[in-house]
Amino acid sequence: MRKTIFFLPLIIAAMFASAQSKPQYAISLIPDSLKTGVNSVIREQTTSIIIKKPGKAVSSIRKVVSVLNEKAESELVFYEFFDRFRKIDDIEINIYDATGKYMKKSRKRDLHTESAGDGGSLIEDSKVIYAQLRTGYYPLTIEINYDIIYEGFLELLDFYPQTAEQSIQLKTYSITSDANNSIRYKNYRCDLKPTKTANGAMITNLWQVKNVKPFEKEPGSAEDDVPRIRVSPTLFEMDDYPGDMTSWDSYGRWIVTLNNKINILPEDSKKFYRELVKNASSEREKVAILYQHLQDNYRYVSIQLGIGGHRPFPASFTEKKKYGDCKGLSNLMYAMLDAVNIRSHYTVINAGRKRTAADPSFPEDMFNHIILCVPQAKDTIWLECTSRTQPFATLGTFTENRHGVLVTEKGGVLAATPKSKAAANVMHSTSFVKMGEDGSGVVTVDIDHSGEFSDISDFMLNGEEQNKKNYLINHVGFKQPDYLQISKKAKQESKAYTLHYDMEFEKVPEFSAGSKHFMNPRMYKFWSDALPKSEKRQSDYYLDFPLIQSDSTIYELPDGFIADNLPKAATLTSSLAKYESSYSFDAQKKQLITYCKLQIDYHIISPAKYDEMARFFSDVIKEQQQKIVVKKN
């Protein structure tokens with residue numbers, strides 16, 4: 001009897017462990033074709049969304065992933081944000097070994113919670129719940145189950161039938177909604193169609209894929225340029241503000257209701273701004289004066305509070321506090337312009353250098369930023385209100401080359417922002433190299449810059465010393481300098497400056513043979529970015545920005561040295577860019593003079609132009625690899 005009692009707990013524990021184990025999760029059951037070339041496999045993923053009414057929904061998520069090695073350790077991180085409109089509930093995480101044997105469980109109480117802010121958020125009510133699951137062994141399988149309860153939403157989760165570096169055994173996505181509030185969807189880079197079923201007044205759209213190999217994401221493509229089903233609600237609601245997403249006009253009208261009565265300043269403030277612009281000779285000059293006032297007196301902070309993720313704080317609040325996020329600062333600028341009777345439009349936009357633009361035919365809330373549009377008779381003014389250094393009427397590639405929704409008095413209007421221009425991003429470097437007879441060199445470099453190049457120059461002045469040196473060597477392509485001093489030269493009557501380097505090198509030539517020195521045309525690699533090899537390119541390739549970049553380098557040779565061989569001048573052209581170079585020797589001054597210039601007129605390379613541009617950049621790099629030969633006479 002005692003033996004039976006003694007073994008009973010062990011028997012129960014064994015039965016419990018056996019019940020928890022799931023042999024169907026065994027790694028050996030994954031087809032070899034789905035394990036080749038990947039680090040993880042989605043065994044089963046189910047997302048089931050039920051929309052109860054506009055703004056109210058429940059999403060039940062189940063995800064089972066087999067992690068094959070440590071390269072997929074990110075799959076062992078559970079991370080979801082929540083706020084008063086989005087609750088996370090019923091979290092259960094289980095881990096199984098390679099055979100499907102149960103190893104570990106985590107529930108909601110075992111997870112960590114902290115603010116969702118990035119350190120730059122002054123006001124933030126969003127939080128994240130997360131777990132970093134550590135096991136110390138691979139392969140393994142992780143099973144995650146949880147619910148998301150929505151108490152207000154403008155957007156729905158998209159469905160991704162393929163993922164990069166990960167294969168899929170089974171993935172299902174369904175949305176159930178009232179027939180009078182059906183969801184809208186549009187395929188992007190895929191042709192998967194849903195199965196539709198009806199249950200009374202409710203309609204379910206279901207998408208499913210099986211045994212899918214990874215999506216091969218092409219280098220240089222937009223971050224979100226991946227196959228997916230875009231999904232968006234028809235009717236929605238946030239914080240008792242109902243809206244309609246079926247058109248850009250109705251979406252804009254919803255934002256009008258959010259901003260109503262909070263985009264007006266008190267009368268004494270209006271008088272101040274009228275006084276500020278009273279001597280301006282044109283409306284454009286008035287806008288410039290007020291924009292400069294904004295830049296000089298207000299700073300950007302992130303504010304994510306309640307519906308504040310979509311609604312700005314009142315203009316009077318931002319004016320008083322002297323800070324705001326993109327919504328608050330743009331709303332204040334709108335109110336300042338309104339005070340002097342200048343019409344402008346609060347504009348929502350999808351910001352980022354490598355982001356796909358809004359689809360004119362599919363209204364959805366895909367935006368993450370606010371700018372301001374000031375219509376003019378001849379040339380519309382666009383204002384980035386979060387930057388204290390951005391030139392007036394200049395957006396930059398962060399928000400150029402895409403559509404934004406202008407919030408007008410009557411509703412939303414989808415409008416194109418300006419295309420990026422090469423002339424806005426100019427960098428010219430002038431190098432003087434005084435060479436010693438032993439091949440050493442004392443070098444000075446002056447760099448004039450504008451537009452997007454200004455960020456690089458600011459980094460070179462204010463960054464950590466080792467980081468700056470690493471940038472010059474690893475990115476720009478200078479040799480390791482024996483001496484480096486970075487400073488700036490102010491320009492009269494301008495905020496602009498010339499970046500200045502003083503450098504010393506033990507050896508300037510690339511190599512020497514007898515009395516001859518073989519030198520590069522410049523002290524650094526003027527352009528070294530070749531396009532990756534790609535057969536039948538499918539996605540746009542994004543360079544950083546359009547530009548005009550040029551260099552003048554003067555090598556002053558030591559006494560007794562002359563030019564023995566100079567490369568021939570070159571002119572290279574393509575449909576999006578052009579390059580030119582020249583080389584000369586002034587015997588009287590003992591100076592070798594090299595010059596080159598690259599102009600890229602458009603930085604987004606379509607698949608149709610990819611091969612052409614790959615050849616162009618390859619030719620530019622080859623041209624720069626030619627050597628100048630000098631010798632002692």
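The values are calculated or read from the model by the stated rules, or taken from the named source; none is laboratory data. In this text, all values refer to a predicted model and were calculated from it rather than measured experimentally. A quick note on method: Cβ atoms are made from the backbone with ideal geometry, for glycine too, and the neighbour counts reach across all protein chains shown. For the accessible areas, the whole protein counts, side chains as well, though only heavy atoms, and no ligand, DNA or RNA atoms are used. Shrake-Rupley method; radii C 1.70, N 1.55, O 1.52, S 1.80 Å.
Annotation for segment 151-217 versus segment 252-317: alpha-carbon center distance of 41 Å.
Rg of the Cα atoms in segment 299-407, relative to 2.2 N^0.38 Å, amounts to 1.05.
A 1.4 Å probe run over segment 194-300, with the rest of the protein chains in place, finds 52 Å² accessible per residue. Taken one residue at a time, the phi angles of segment 465-475 give Karplus couplings (6.51, -1.76, 1.60, θ = phi - 60°) of 4, 5, 5, 5, 5, 4, 5, 4, 7, 7, 9 Hz. Gly and Pro are set to x. Remark: segment 531-537, residue by residue, has Karplus-estimated 3J(HN,Hα) of 6, x, 5, 7, 9, 6, 3 Hz, where x stands for each Gly or Pro and the curve is 6.51 cos²θ - 1.76 cosθ + 1.60 at θ = phi - 60°. The calculated 222 nm mean residue ellipticity attributable to helices in the chain amounts to -5500 deg cm²/dmol, summing -39500 (n - 2.57) over DSSP H runs of n ≥ 4 and dividing by all residues. From the Cα gyration tensor of segment 171-236, with a ≥ b ≥ c the square roots of its eigenvalues, which class applies: rounded if a/c is under 1.5, or else prolate if a/b is larger than b/c, or else oblate? Taking the square roots of the gyration eigenvalues as a ≥ b ≥ c, segment 171-236 is oblate. Here the gap between K322 and D191, fully extended at 0.36 nm per residue and compared with their Cα-Cα distance, gives a gain of 42.2 nm. Taking a ≥ b ≥ c as the square roots of the Cα gyration tensor eigenvalues, segment 75-196 comes out oblate, since a/c reaches at least 1.5 and a/b does not exceed b/c. One decimal place: the segment K597-E223 gains 131.6 nm when fully extended, by the rule 0.36 nm per residue minus the C-alpha distance. In this structure, R84 and Q492 have a Cβ-Cβ separation that, at R0 = 41 Å, corresponds to a calculated FRET efficiency of about 0.15.
Candidates V443, L472, F453 compared by Cα position along the dipole of segment 437-480: farthest toward the positive end lies L472, with charges placed on Cβ. If R0 equals 60 Å, the separation of the Cβ atoms of D482 and A377 corresponds to a calculated FRET efficiency of about 0.55.
Spin-label model, S361 to S28: label points 7 Å out along the Cα-to-beta-carbon direction sit 5.1 nm apart. In vacuum, with every alpha carbon of segment 446-518 counted as one equal point scatterer, what does the Debye formula give for log10 I(q)/I(0) at q = 0.21 Å⁻¹? Two decimals, please. Each listed q corresponds, in turn, to -0.96. log10 I(q)/I(0), Debye, Cα-only segment 347-405, no solvent, q = 0.25 Å⁻¹? Normalising to I(0) and taking log10 leaves -1.10. Measuring r between the beta carbons of M202 and S302 and using R0 = 35 Å, the FRET efficiency lands at 0.35.
To put it simply, the accessible area of the chain at a 1.4 Å probe is 50 percent carbon and sulfur.
Sorting Y251, Y130 on solvent-accessible area from highest to lowest, probe radius 1.4 Å, gives Y130, Y251. Taking label positions 7 Å along the Cα-Cβ direction at both D544 and A423, the computed distance is 2.3 nm, reported to one decimal. Most simply put, the chain has about 85% antiparallel DSSP beta bridges, counting only bridges with both residues inside it.
Extending 7 Å from Cα along the Cβ direction at T113 and again at T172 yields two label points whose distance is 3.1 nm.
Rounded to the nearest 20, the Cβ-based charge dipole of the chain about its Cα centre (Lys and Arg +1, Asp and Glu -1) stands at 1160 debye. Note on segment 534-611: Kirkwood hydrodynamic radius from all Cα pairs is 15.1 Å, rounded to one decimal. Note on K210: lysines with a C-alpha under 22 Å away, same-chain residues under 8 apart excluded, are K22, K35, K63, K171, K186, K193, K196.
Residue ranges 452-465, 619-632 sort as 619-632, 452-465 when ordered by packing (mean number of other C-beta atoms within 10 Å per residue, highest first).
In the chain, taking the dipole from charged Cβ atoms about the Cα centre, the farthest positive-side position among P521, N350, I50 is held by I50. Working ranking of peptides 91-100, 138-147 by packing, defined as the average number of other Cβ atoms within 10 Å per residue, highest first, is 138-147, 91-100. According to the square roots a ≥ b ≥ c of the eigenvalues of the Cα gyration tensor, what is the shape class of the chain, taking rounded for a/c under 1.5, prolate for a/b larger than b/c otherwise, and oblate for the remainder? Oblate, since a/c reaches 1.5 and b/c is not below a/b. Once the Cα-Cα distance is subtracted from the 0.36 nm per residue extended length, the V128 to N341 segment shows a gain of 72.3 nm. A simple rule links phi to the HN-Hα coupling: the Karplus curve 6.51 cos²θ - 1.76 cosθ + 1.60 with θ = phi - 60°, which for segment 378-386 gives 10, 9, 4, 9, 10, 10, 8, 8, 8 Hz, with x for Gly and Pro.
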